[in-house]
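**Q** Have a look at this one before I ask anything.
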Amino acid sequence: MPSTGAYLLIGAIAAVVTFATTPVVVRVAKRMGWVVEPDARRVHQVTTPDVGGIAMVVGFVFALGVARLLDVFDPIFARNSEPQGVLFAAVLMFFIGFIDDIREISAPAKVFGTAVVGAVLVYYGVTMFNFRVPFVDVFILSNEWIPLITVLWLLGMTNAINLIDGLDGLAAGIVAIGAGAFFLYSQRLADPAVGMLSQPNIGPMFAILTAGICVGFLPHNFNPAKIFMGDGGALLLGLLMAVSTSVVGGRADPNTQRYVGQTYFFLAPLVIPLLILGVPILDTGWAIIRRAAKRQGVASADKGHLHHRLMEMGHGQRRSVLILWAWTGLLSAFVLYPVYTGSGVSYIPIGAAMLGLLLYTVLHPQIRRKRG
């Protein structure tokens, strides 16, 4: 199977191509009028292009094409329809978001489009084989359940990323951290010494490509942003994370419990995506509850997200984004620690860092001055 160095190479290619393409997309978007104006529910103050997903999908497709040409990736592509299926699904998912960026389509239409994309993944075999319920059992998915679970998983991931995309660089940074951590996790599970993930598996490749396009996009998207990723970019990232987590977490050997860490690896394939993407998933759940209480649609926009609340406390855009990046990084470290140490103990350093970050968030000098 490809080495870690080979994976990092295609991740770097995705980052470089995305970085180089984004300024071109900015110029084209301004000429075509693909921009968003400042309004009451947005925090940006200037007219800004919102089709950064174009640069992301270009970087993704280019890097995937390079991987196909490299001999080291032949085990993943040879006699395997899954990479082709992910490519088709990713491009289709991007176009659904892109149309919404320039014309705005209804929420039911986006859900229907996402279901079609899920059907494409199912057709090409990009699905889970089993689903682990903590403290209950591992359920082997029947052919009847696979399409439904695939679509629901895709809807959850795409909406989580889309809802967190509210401040400059927030979604791209969180997904970069989450995808990078998931790449390390999946590589560890695929290690012959661990033997929990049968090969070939496309999960590590799409995780590192996801991290790459986010890293390449971030310099243009961090505050003050020159461009937003838009729904096209957010839905693309959600699909890639859904693919990575499903083919790793849903295919890890359900009978392997011998590895050090006791029950951790039994639960990890389910818990990993929830913890690594903990910030946006928590935000998604809170947004649904908040909008239901106000009798609003789930797709309705407001300023009640976690990042908006941090700004209301007195943190600026940059500090709010960095705080949420830090929480995602600590959640990732919390998950990866037992994976690479073989121990479920000694969480004291990570716990201390979380406590320090919490105190920094609520007791920052500017917050105290605002309260005063």
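**Q** Sort 64-77, 10-23 for me by packing, meaning the mean count of neighbouring Cβ atoms within 10 Å per residue, highest on top.
**A** Numbers: 64-77: 15.7, 10-23: 21.3.
Sorting 64-77, 10-23 by mean packing, highest first, produces 10-23, 64-77.
**Q** Quote the FRET efficiency, to the nearest 0.05, computed for ALA292 versus ALA333 with a Förster distance R0 of 51 Å and r equal to the Cβ-Cβ distance. Spell out each step's value before the answer.
**A** On the way: r = 33 Å, r/R0 = 0.65.
Approximately 0.95, to the nearest 0.05.
**Q** Another question about this same structure. Which cross-chain or sequence-distant (5 or more) residues have an amide H under 5 Å from the amide H of VAL36, H modelled 1.01 Å from N in plane?
**A** HN-HN under 5 Å from VAL36: THR48, ASP50.
**Q** Report the one residue of PRO219, PRO204, SER81 whose Cα lies farthest in the direction of the positive end of the charge dipole of region 4-263 (charges on C-beta: Lys and Arg +1, Asp and Glu -1; origin at the Cα centre).
**A** Positive-most Cα among the choices belongs to PRO219.
**Q** Based on Cβ point charges of +1 for Lys and Arg and -1 for Asp and Glu, what charge dipole magnitude is obtained for region 4-263 about its Cα centre, in debye rounded to the nearest 20? Show your work: numbers first, answer last.
**A** Values: 14 positive and 16 negative charges, 52 e Å.
Its charge dipole is roughly 240 debye.
**Q** Determine the gain in length on full extension of the stretch PHE129-VAL46; use 0.36 nm per residue of separation and subtract their C-alpha separation, reporting nm with one decimal. Don't jump to the answer; show the numbers that get you there.
**A** Values: separation 83, 0.36 × 83 = 29.88 nm, distance 4.70 nm.
Fully extending the segment from PHE129 to VAL46 adds 25.2 nm.
**Q** For a label point 7 angstrom out from the Cα of VAL24 toward its Cβ, which stretches of region 66-94 have the backbone nitrogen within less than 17 Å?
**A** Within reach of a label on VAL24: 66.
**Q** Separation between the GLU104 and ARG79 pseudo-spin-labels, each 7 Å from Cα along Cα→Cβ, expressed in nm?
**A** Between GLU104 and ARG79, the label points sit 5.2 nm apart.
**Q** Give me a comma-separated list of calculated 3J(HN,Hα) values for region 93-108, in order, Karplus coefficients 6.51, -1.76, 1.60 applied at θ = phi - 60°, integers in Hz, x for any Gly or Pro.
**A** So the J values, rounded to whole Hz, are 4, 4, 5, 4, x, 5, 4, 5, 5, 9, 10, 6, 10, 6, 4, x.
**Q** Would you please classify the overall shape of region 4-263 from the alpha carbon gyration tensor, given that a ≥ b ≥ c denote the square roots of the eigenvalues, rounded means a/c under 1.5, and beyond that prolate means a/b larger than b/c while oblate covers the rest?
**A** Working: a/c = 1.90, a/b = 1.56, b/c = 1.21.
The shape class here is prolate.
**Q** Tell me, what ³J(HN,Hα) does each residue in region 57-67 have, in order and in whole Hz, if you take phi through Karplus 6.51 cos²θ - 1.76 cosθ + 1.60 with θ = phi - 60° and put x for Gly and Pro?
**A** 5, 5, x, 5, 5, 4, 5, 5, x, 5, 4
**Q** I've got another one for you. How much length is gained on full extension from SER3 to ARG31, taking 0.36 nm per residue of separation minus their Cα-Cα distance? Write down the numbers at each step before the final one.
**A** Working: separation 28, 0.36 × 28 = 10.08 nm, distance 4.28 nm.
Contour length minus the Cα-Cα distance gives 5.8 nm.
We did not get these values from a lab; they are worked out from the coordinates using the rules stated. What you see is a predicted model, and the numbers here were worked out from it, not measured in a lab. Because the Cβ atoms are built from the backbone with ideal geometry, glycine has one as well, and the counts that use them run over all protein chains shown.
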